[in-house]
1. Determine which member of the set A:ALA335, A:ALA360 is within 8 Å of chain B (Cβ to nearest Cβ), over 21 Å from B:THR516 (Cβ atoms), open to solvent by less than 20 Å² (accessible area, probe 1.4 Å) and in contact with a helix residue (DSSP H, G or I) (Cβ under 7 Å, 6 or more places away or on another chain).
2. Based on what the data block shows, is A:ASN261 under 30 Å from A:VAL106 (Cα atoms), outside any helix (DSSP H, G or I) and within 18 Å of the chain's Cα centre (by Cα)?
3. If I go through segment B:15-25 residue by residue, how many of them are outside any helix (DSSP H, G or I), open to solvent by 50 Å² or more (accessible area, probe 1.4 Å) and of a type in the set (S, T, N, Q)?
4. Being over 28 Å from A:ASP60 (Cβ atoms), surrounded by fewer than 24 Cβ atoms within 10 Å (Cβ to Cβ) and away from every other protein chain (no Cβ under 14 Å): is that true of A:LEU188 here?
5. Could you list, in sequence order, the residues of segment A:77-91 that are open to solvent by less than 10 Å² (accessible area, probe 1.4 Å) and either touching a residue at least 60 places away in the same chain (Cβ under 8 Å) or outside any helix (DSSP H, G or I) (or both)?
6. Suppose we filter segment A:26-76 for residues that are hydroxyl-bearing (Ser, Thr, Tyr), within 23 Å of A:MET120 (Cα to Cα), open to solvent by less than 20 Å² (accessible area, probe 1.4 Å) and part of a helix (DSSP H, G or I); how many remain?
7. Quickly run through segment A:191-221 and pick out the residues that are of a type in the set (Lys, Arg) and open to solvent by less than 40 Å² (accessible area, probe 1.4 Å).
8. I'm checking my understanding of the structure. Among residues of segment A:412-444 that are part of a loop (DSSP other than H, G, I, E, B), closer than 17 Å to A:PHE287 by Cβ and within 9 Å of another protein chain (Cβ to nearest Cβ), which one is most open to solvent (accessible area, probe 1.4 Å)?
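The values are calculated or read from the model by the stated rules, or taken from the named source; none is laboratory data. Computed from a predicted structure; not experimentally measured. Here the Cβ is made from the backbone with ideal geometry for all residues, glycine too, and neighbour counts use every protein chain on show. All accessible areas refer to the heavy atoms of the entire protein, side chains included, with ligands and DNA or RNA removed. Shrake-Rupley method; radii C 1.70, N 1.55, O 1.52, S 1.80 Å.
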2 protein chains.
Amino acid sequence: MAAYSPPLRDMDFVLHDVLKIETSSTPGYAYLDRDFTAAILGEAGKIARDVLAPLNAVGDTQGCRLENGVVRTPDGFKAAFDTVREGGWMGLDCAEEFGGQGLPYVMNAATGEMQVASNMALNMYWGLTHGAYSAIHVHGSDEQKAKWLPKLVSGEWTGTMNLTEPHCGTDLGLLRTKAEPQDDESHLITGQKIFISAGEHDMAENIIHLVLAKIPGGPEGVKGISLFIVPKFLVNDDGSLGDRNDLSCGKLEEKMGIHGNATCVMNYDGAEGYLVGEAHKGLRAMFTMMNEARVGVGLQGLGQAAAAYQVAADYARDRLQGRAIGEAANPDGPADPLIVHPDVRRALMDQKSFVEGGRAFALWAATLIDAGHRSDDKEALGLVSLLTPVVKGFLTDKGFDCTVQAQQMLGGHGYIEEWGVSQFVRDARIAMIYEGANGVQALDLVGRKLGAEGGKPVMAFFDLVKTFIKENDGNEGLKADFLDPLKAASKDLQAAAMFFMQNGMKDPNAALAGSTDFLHLFGHVCLGYMWARIARAALEGSEEFHKAKLATGRYYMARQLPATKMHLARIESGAVPVMALAAEDF
Amino acid sequence: MAAYSPPLRDMDFVLHDVLKIETSSTPGYAYLDRDFTAAILGEAGKIARDVLAPLNAVGDTQGCRLENGVVRTPDGFKAAFDTVREGGWMGLDCAEEFGGQGLPYVMNAATGEMQVASNMALNMYWGLTHGAYSAIHVHGSDEQKAKWLPKLVSGEWTGTMNLTEPHCGTDLGLLRTKAEPQDDESHLITGQKIFISAGEHDMAENIIHLVLAKIPGGPEGVKGISLFIVPKFLVNDDGSLGDRNDLSCGKLEEKMGIHGNATCVMNYDGAEGYLVGEAHKGLRAMFTMMNEARVGVGLQGLGQAAAAYQVAADYARDRLQGRAIGEAANPDGPADPLIVHPDVRRALMDQKSFVEGGRAFALWAATLIDAGHRSDDKEALGLVSLLTPVVKGFLTDKGFDCTVQAQQMLGGHGYIEEWGVSQFVRDARIAMIYEGANGVQALDLVGRKLGAEGGKPVMAFFDLVKTFIKENDGNEGLKADFLDPLKAASKDLQAAAMFFMQNGMKDPNAALAGSTDFLHLFGHVCLGYMWARIARAALEGSEEFHKAKLATGRYYMARQLPATKMHLARIESGAVPVMALAAEDF
């Protein structure tokens, strides 16, 4: 299998020529000049290529083993984890006062894509730690921050998020895990959590579980959920480790992919836990870091697509099979490379135009998160809250599709495990499911985000697109190939939103029946918008790189954007065809 | 995991109310009345449900093992194979003179869907045997037929197809396996074949390999390929087994799915082989049974989708999560079942409308194959040759998508192996690749079938659709919901064909760049046509079954057919966006 090649040139172009990050007024962005980001990304790329990628297949083949309550991770995972930890990568965007590097989240997103692309299962161990860090950082007391954060930032300890129980995933109101208050203000946690990624492993000396549970006597449903810190080992006041807490990994799940990550059934048998934030407000606490977490999962979909695409493109250039129509490309060889065939090109262009457009989209969303958090820009925060389900849902749905297309490129060689593309497909599949299944993302988008703040964020999005089109109206290189299709697609999105407004009030199902189509329609408009911005930047360059950007963007506009009309037609068919059958007719 | 439920009612409806098979003039069809087909399908359904389905997960988990050159199949496979063999199912449509049941192929297609849905890996052992039977039956000498066919029909021996080599799959002109003529008219076969399904196993006493090889001195490329019978054990004149032939399984591939089927590297080291048909005409011999083989793979995509859909629908009815908008469906329970949610319905309707429309499409194609072979109906044969790449490509692409949607329904439970839906996804994936990857199907459709016989078959297809619309114009139940959308979709297909005609002559790439989109466009029109025919039949009934059919059909027309416009737009964007980049830009 070909080595992973970090997309450094592309990231440099997106960050500096398209998003122009160093001109942003967001605090911390002034430092992000080309040299600085090149140094960071170059180093992260090396680790991804040389340390993480070589262990990707190892993790898939070996998986994790549970032996007497201890989870053994695949050979080499601990050493690679230590390399990443020692380089300070795990705390890249964590607060400096707790030992982090204090960089903007956008740098975490860019380095994260490479880590995910090269080894998704291994990356998750510190990815989830970051979630635990954020929960405590935003909602914990000063004491809790001082006690728990430094070692989560350094990676000496890792973290987890414990939401799901056997009978409830999305509907957390049903959860049963109990938290009994004790005299010393701690709680005793009892219950079973499932699908806990990195719930137990052998790479860190302690694991800090963030657990949702109900304090008896609290309100019913989601309004009675509290958030607790539940460490694997209790921690003494001097920071040393104390007794083992009453929790354990009961089982590892056999999964379709991400075998290198331990997906645990966690049993809490009266484990000591510490309330984070207010009692009964745990769900809100868990959801405040949702934007980042979901953009992170969107990056997983993108990263797997990017890595799989590289293998497919290499294969298409190398594999000799059939002849080009017209002039042979390899007249002295027994056949031409696959890449001469139009349908092979079509498949590669689908992948390439998604990966590059999606990368720009994810990094743009990351800059909005930074603007929201670092300069308290409410408009940016509203916009990224709107876009987050699109980043998560669209990039993971389409990212998975791309891995399937990459696998298809290799024919039978893609189906056997030897070439590694099957693993990209199997690993990418989970990103459509966890951190809110994509149907739930669509529900969040249509049922909540679209009408948020009286529709201000969505109007702001339409304004952005409109303004861009207007500002560049005289740019002949953009007009027909980029602006016109973007305008048409954006009109379809507006028509869909209008349909929801007109029909959703009378019958909410009329809107919700179109939610997944709306998410995809929105995703296409976002990528169309990004491609138009990329094209504007590319028109200012004259290298082969810039020409290829323009050609790739034209492909996206001509071949992918027409999907918006199909999604609109489906949406406008309303709820009746969707809801017509009785449950027993299925 | 829920038991597999054979779709007997649906098959009965399609065969008798939609296709009205017993009124067909095709020889053999007069016997196929409702009672007769019910008896056959009921028995086949029982075997699928009670014998094959319970072993599906066993096969996936255990896989096959290669020990000292012998392949061990999973526990229970041999006993189940024997049950199918002893019931005469393997020779259902084989000629009576060689011990077969002599039934039309359509019955093989219907029973085959159930066998594939319940255990694809196990079904392949006799599915490939059928391919070997057909090759010898059509192209072998009388002596060869007498010697090899009876035991292939009875299932005492199994068969394989050996095409692919490490350096060549689609482009068979590159193959290197040699066949040296001997004095006794046999040949000695030397070379390596890969991806040989059921190449070695422990369920039959002999394995008859059909091998493509080159006789030295023959023409270059595909014109110099010959087809050989190469048995694992030589067979004496009295039919008893002789010496072991010089061939062996060198390796089993580790694959993404169909673990219960042995995918072998086969090494031929001067193995004795017998020429089938004329020297150098082997490719033609191999391709004459292509329609059946490809429809068979289309059924695999459909079957996996059908089985996965059953699990998803059961889960959606059982799993309590969230509340319906408006009135609660399960007010006394902690939550409503998933199936109340519009996006869950949308996903189930996508699957159901594909599975039922696809089933009718595949069975219709099977009746055309019968008409072609049994009454030498050239028109039917031309039509099914045109439709075969659509059946194969569309049913496997969309069938795979459906398994992914079914998996999504189960959330995290779909990603772990316990529920069995991951296996449907992993197994279904291969059907898009083998028997001609779907990109090759699209190439076959656009580059060969569309222009075949001066376009007669495609004109015949358009005529069928047009005539149906005209004949039913006064049917108010059909008009707006079925005929109008079918007409619009069919117009899109005609426009695409017209675009190819006008542009493909100047630049073949302009047509080929749209080949995959054309295949999908065609597939949608075929399913739209089938749904219109189903609806006409359903309007004559008044049971809940018929009402559900109409509602499901309306869904397909309203929500799936709008894809045709998107495919047309992509096609009409031509070759430029697809071919713009240099190979090194990827």
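1. A:ALA335
2. Yes.
3. Residues in segment B:15-25 being outside any helix (DSSP H, G or I), open to solvent by 50 Å² or more (accessible area, probe 1.4 Å) and of a type in the set (S, T, N, Q): 1 in total.
4. yes
5. A:PHE77, A:PHE81, A:VAL84, A:GLY91
6. Count: 1.
7. A:LYS193
8. That would be A:TYR434.
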